[in-house]
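The values are calculated or read from the model by the stated rules, or taken from the named source; none is laboratory data. All values derive from a computational prediction rather than experimental measurement. Backbone-built Cβ (ideal geometry, glycine too); neighbour counts: all protein chains shown. Heavy atoms of the whole protein, side chains included, go into the accessibility calculation; ligands, DNA and RNA do not. Shrake-Rupley method; radii C 1.70, N 1.55, O 1.52, S 1.80 Å.
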Amino acid sequence: MTKDTVFRQEFPVKGGDFSRAGEVSWEIKNLLKELGLSTPVVLRAAIASYEAELNIIMYAWEGRLVLSVTPGRVHVVVEDSGPGIEDIELAMTEGYSTATLEMRELGFGAGMGLANIKKNTDAFLITSEVGRGTRLELTFLTNGQRP
Amino acid sequence: MLTLKGMMTALDGELLTPEMNLETECAKFFASDLMSDVLAFIQPGSILMTGLVNTHVVRTARLVEVAAIVIVQGKRPERKVIDEAREHNVPIIATGCSMFEACSRVSGSFLKGRR
């Protein structure tokens, strides 16, 4: 957290709990709206957060989203304890999925998640360790300019 | 211009969430049962046409700010799903049409409204 952070909040997410899916990203969306950020930025951050929240629920044991906002940037750090990703490049491929039938019946797991997270961010970092978990760092510029 | 009300008539649809504004203009449409695709490709303010009836449809819809959900094929969401939609002011319209028929009728009405 830098000294110019105007807002910071942590949101825990429990793996496997589909009944609460979307609650964290909904809260993040409303917080960003309240902070007065522009609608396109709020929407991009909300969609990326929702995908990340779903990924924790679908694949990890537990995790959290940490939202921090500075005057020029929105950061969302997503960390989970879970199986990790063996081949990140493959996991980023649109359409590639290891989702179960249950996830697909709910309408998810089409293999768009990570690619869609990246598409909605202005900077995207992913690291993963097999057997331990995955970490994403998502950055959104609040002036709405796409680099 | 095609309104929600006009679209509902074209679909012989039924509004499952009463007391909502049906004068909203419908100008963008997205048909899919995959919420993953909705999250990746829909534009805010679209009408979402789907055959899925679970609570995640409403949660996805409110997040991406759809103007209304059309549920095709005569399916009915559970009460709690309808309640969640009402709470977030997302109209749900149910129709007996298949996805293809619903898209075809809406597309016809939309084009007629533009002429």
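A few notes on this one:
- Any hit, region A:95-103, residues being out of contact with any Cys (no Cβ under 7 Å at 6 or more places or on another chain) and on the phi > 0 side of the Ramachandran plot: yes
- Restricting attention to region B:69-95, the residues that are open to solvent by 100 Å² or more (accessible area, probe 1.4 Å) and outside any loop (DSSP other than H, G, I, E, B) total 3.
- Residues (facing chain B (nearest Cβ under 9 Å) and open to solvent by less than 30 Å² (accessible area, probe 1.4 Å)) located in region A:31-48: A:43, A:46, A:47
- Against the numbered list (1) surrounded by 18 or more Cβ atoms within 10 Å (Cβ to Cβ); (2) touching a helix residue (DSSP H, G or I) at 6+ places or on another chain (Cβ under 8 Å); (3) not in a loop (DSSP other than H, G, I, E, B), residue A:75 comes up short only at (2).
- Tabulated pairs, region A:26-48, first farther than 16 Å from residue A:139 by Cβ, second of a type in the set (S, T, N, Q), C-beta under 8 angstrom, 6+ apart or interchain: A:29/A:49; A:31/A:9
- Residues in region B:26-48 that are more than 14 Å from chain A (Cβ to nearest Cβ) and either open to solvent by less than 60 Å² (accessible area, probe 1.4 Å) or in contact (Cβ under 8 Å) with a residue 40 or more places away in the chain (or both): B:26, B:27, B:29, B:47.
- Qualifying position, being closer than 19 Å to residue B:3 by Cα, at pLDDT 95 or above and surrounded by fewer than 22 Cβ atoms within 10 Å (Cβ to Cβ), among B:104, B:98: B:104
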